[in-house]
Amino acid sequence: MQLSPMKHLFNLTLQELITELQAMGQQAYRAQQIADWVWHKGVCDFGQMSNLSPGLRDELAKTFCILTGQVVQENQSDDGVVKLLISFPDQQCVECVLIPDGRRLTACLSTQVGCAMGCVFCASGLGGLGRNLTVGEIVEQVFHLQTVCPGRISNVVFMGLGEPLANYAATVSAIRAITDPERLGISARRVTLSTIGFPELIRKLSAEDLPITLAISLHAATDQLRRELIPAASNTSIEDLIRASQDFFASRGRELTLEYLLLDEVNDSVQCAQELAQLARRLRCNVNLIRFNPVAGLNFRRPSEQAVRAFREVLVQSGVNVHIRVSRGSKVHAACGQLRRISPRP
């Protein structure tokens, strides 16, 4: 695997950049100049940083890289969603998505090349896991998406390729870069991390000073069904997951989200809704119901509108705060469960 030997600028805090520049014989204030160009103005070419000398620009370009990935395919849906396929120097690819919704502009990021979780309804794991993404590779997706964005990105969701907690260190460092006021400066309260749920890692995340929203990809309310749908959950019980989620809420008082993908005649019955309601009432949470989005090669079906409404009504009558997520970008395979390592043509 041939990765760039240069240091990725997005891996560095402002203080770390100061240290690097001082080791090059530069004054500390140069770091603030560079940070202003990159993080605040979105300039990712040292050659365009006009308040730096030509010699320093050349030296920086030989020492640091900013964007290592290249957009090799762009697909735009008729509902405004844009999906980018990004290729890195080792030829590994990931997808990321821009979801505009009025003034809310959301970047959906990947944390791994592919996915090892094996969720049977999801395209992301069909090609297996290639590798983890680095901090810089995660963060630079925001910059690539910003180039196709009508305004400044306001929200970030870690719901793209990969399981964020399976790439824990890089994901947490990327969140810090995204939310650091000296770097990208997006409010942590506008960042959501979606995970199938590893109790020990959720508790570890609870100890981080990051007031983000945690979304648990539940998709079933019994261990037996959940393990059929999510093979990687075979060593985790829903009870352990609920307790870890309670700990996460206690650590910061932030409501959680339970994500539940509805599959026709698999997990969309009234009984399934009743079981989900019992779990949801144990948490301070919102439930997001997601209709299955078609994936080539998978035989699941989208539930009927009648089944979706009946499922929702059970939750509402049980006092659960529930929303039906509107699928966006499905025509370009950018909706929930459709992202993969190589973009299929729409």
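Charging the Cβ of each Asp and Glu at -1 and of each Lys and Arg at +1, and nothing else, the dipole of the chain about its Cα centre rounds to 480 debye. Report summary: the helix-based calculation at 222 nm, which adds -39500 (n - 2.57) for every DSSP H run with n ≥ 4 and divides by the residues of the chain, gives -9000 deg cm²/dmol. To check you understand DSSP bridge types, tell me what percent of the beta bridges within the chain (both residues inside) are antiparallel, rounded to 5. Of all bridge pairs located within the chain, approximately 45 percent are antiparallel. In whole angstrom, how far apart do the alpha carbon centroids of segment 281-296 and segment 110-181 sit? Computed from Cα coordinates, the inter-centre distance equals 20 Å.
Taking the Cα atoms of the chain, the ratio Rg/Rh between the radius of gyration and the Kirkwood radius comes to 0.99. Shown for the chain: cysteine residues without a partner Cβ closer than 4.7 Å, namely C44, C65, C93, C96, C108, C115, C149, C272, C285, C336.
Sequentially through segment 184-193, phi angles give Karplus couplings (6.51, -1.76, 1.60; θ = phi - 60°) of 6, x, 7, 4, 4, 6, 10, 10, 10, 10 Hz, Gly and Pro residues having no value and appearing as x.
Shape of segment 217-346 from its Cα gyration tensor (a ≥ b ≥ c, root eigenvalues): rounded if a/c is under 1.5, otherwise prolate when a/b > b/c, or oblate?
prolate
Expressed per residue, the C-alpha convex hull volume of segment 161-267 stands at 105 Å³. Near the amide H of A335, within less than 5 Å, lie the amide hydrogens of S330, all on another chain or at least 5 residues away, with H placed in the peptide plane. Between amide H atoms placed 1.01 Å from N, distances below 5 Å from Q73 occur with L85, all of them 5 or more places distant or on a separate chain. Dipole magnitude for segment 7-65: about 40 debye, using +1 per Lys or Arg Cβ and -1 per Asp or Glu Cβ, origin at the Cα centre. Percent relative contact order of segment 190-331, based on C-alpha pairs within less than 8 angstrom and at least six residues apart? Relative CO of segment 190-331 lands at 22 percent.
Would you work out the relative contact order for segment 91-216, in percent, from Cα pairs under 8 angstrom that are 6 or more residues apart?
Reported relative contact order: 24 percent.
Each of K62, K7 has some number of other Cβ atoms within 10 Å of its Cβ, and from fewest to most they run K62, K7. Spatially, segment 21-85 and segment 262-276 are offset by 48 Å when compared through their Cα centroids.
Quick one: dipole size for segment 13-112, taken about the Cα centre, charges +1 on Lys/Arg Cβ and -1 on Asp/Glu Cβ, in debye to the nearest 20.
Taking the Cα centre of segment 13-112 as origin, the dipole is about 260 debye.
When each of M159, M117 is scored by the number of other beta-carbon atoms lying within 10 Å, the sequence from fewest to most is M117, M159. Compute the Cα gyration tensor for segment 7-65, then decide on rounded, prolate or oblate, letting a ≥ b ≥ c be the square roots of its eigenvalues: rounded whenever a/c is under 1.5, prolate when a/b is larger than b/c in the other cases, and oblate in all that remain. Note, shape of segment 7-65 comes out rounded. Around the amide H of I324, modelled in the peptide plane, lie the amide H atoms of L289, all under 5 Å away and 5 or more residues distant in sequence or on another chain. The long axis of helix 168-179 is offset from the longest Cα principal axis of the chain by roughly 70 degrees. Remark: segment 291-300, residue by residue, has Karplus-estimated 3J(HN,Hα) of 6, 4, 9, x, 10, 4, x, 10, 9, 6 Hz, where x stands for each Gly or Pro and the curve is 6.51 cos²θ - 1.76 cosθ + 1.60 at θ = phi - 60°. Remark: the Cα gyration tensor places segment 59-197 in the rounded category, a/c being less than 1.5. Here the residues S269, S234, ranked from fewest to most Cβ neighbours within 10 Å of their Cβ, fall in the order S234, S269.
Near G136: Cβ cut-off under 15 Å, other residues only, Lys/Arg at +1 and Asp/Glu at -1. The net charge is -2. Dipole of segment 59-109 computed with +1 at Lys/Arg Cβ and -1 at Asp/Glu Cβ about the Cα centre; of L60, G80, I99, farthest Cα towards the positive end is L60. Scalar couplings 3J(HN,Hα) for segment 303-308, obtained by applying the Karplus form with A = 6.51, B = -1.76, C = 1.60 to θ = phi - 60°, are x, 6, 4, 4, 5, 5 Hz; x denotes Gly and Pro.
Pairs of Cα atoms nearer than 8 Å and 6+ residues apart set the relative contact order; for segment 70-332 it is 16 percent.
The angle between the Cα long axis of helix 54-63 and the main principal axis of the chain comes to about 40°, on a 0 to 90 degree scale.
No value in this document is a laboratory result; all are computed from the given coordinates. Note that the structure is predicted; figures quoted are calculated from it, not measured. Positions of Cβ are backbone-derived with ideal geometry, glycine not excepted, and every protein chain shown enters the neighbour counts.
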